[in-house]
Amino acid sequence: MRQLLQNPGIPDSHWTRLLAALELPGAEPVQGALADIFFALDASHAGFKRQALQRASPRLPGHIARWFDAQLLPDRLPRITALATRWSVLARPSADISTRARRCSPDDSRSLAQQVVLAFARDDGQAQQEFLHHCITCHDKLAFMLARQALLRTTAKLPPHWESVSLALEQTMELV
């Protein structure tokens, strides 16, 4: 990491970091490393950027991979970009993304949804309240939707506080 910060134009440092990100769960670390590559390296490294994107693509959502692909030929990504994540060290995430995306990644949302389904099965009211508070606070419609769908497969009706959170999230104008 230190080499990357001191000499961001050296592809080998980026490649090592990308390989390390691929060892971590989820897409966010991989996307963050890739955003740093596309920010730090100019058009003369288009072949390297293409190779990095090919290696990372299976871990990225399709629309993100296509967005990176469209950035292969331009010189560099701007320092502040919607492609950066919390895992980026050179590029910075843009404020021009959804509140949920700034506060938690889709990986986080999926994990939280799985955890609350287990908490629901254990009848852990505290964990459910914390989850619902997270959903409202972070506008995490994705986590709420995933948990709600999973719970409704096994439960006929959710408790009233789940419905009030659902209505509150529906009223927000922000997309997931």
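The values are calculated or read from the model by the stated rules, or taken from the named source; none is laboratory data. None of these values were measured; they are calculated from a predicted model. Positions of Cβ are generated from backbone atoms using ideal geometry, with glycine treated the same way; all protein chains shown enter the neighbour counts. Calculation scope for accessible area: heavy atoms of the full protein, side chains included, ligands and nucleic acids excluded. Shrake-Rupley method; radii C 1.70, N 1.55, O 1.52, S 1.80 Å.
Relative to its Kirkwood radius, the Cα radius of gyration of segment 1-138 gives an Rg/Rh of 1.06. Of the peptides 116-126, 51-61, 82-92, the ranking by mean beta-carbon count within 10 Å, highest at the top, reads 82-92, 51-61, 116-126.
Amide H neighbours of Ile80 under 5 Å, at least 5 residues apart or on other chains, H built in the peptide plane: list them. Placed amide hydrogens put Arg92 under 5 Å from Ile80.
Stick to the Cα atoms of segment 1-67, pair each with every other, and give me the Kirkwood hydrodynamic radius in Å at one decimal. With all distinct Cα pairs of segment 1-67 included, I get 11.9 Å. Measuring with a 1.4 Å probe in the full set of protein chains, what accessible area per residue, in whole Å², belongs to segment 12-62? Value for segment 12-62: 40 Å² per residue.
Counting only alpha carbon atoms, the long axis of helix 11-23 and the longest principal axis of the chain meet at about 20°. The angle between the Cα long axis of helix 141-154 and the main principal axis of the chain comes to about 50°, on a 0 to 90 degree scale. Element breakdown for the chain at a 1.4 angstrom probe: carbon and sulfur atoms account for 56% of the accessible area.
Derived scalar couplings between HN and Hα for segment 41-49 equal 9, 8, 4, 5, 9, 4, x, 5, 4 Hz in order, rounded to whole Hz, by the Karplus curve 6.51 cos²θ - 1.76 cosθ + 1.60 (θ = phi - 60°), x for Gly and Pro.
With each run of n ≥ 4 DSSP H residues scored as -39500 (n - 2.57), what mean residue ellipticity at 222 nm is computed for the chain after dividing by its residue count and rounding to the nearest 500 deg cm²/dmol?
Computed mean residue ellipticity for the chain: -19000 deg cm²/dmol.
Helix 125-138 and the longest principal axis of the Cα set of the chain meet at an angle near 50°.
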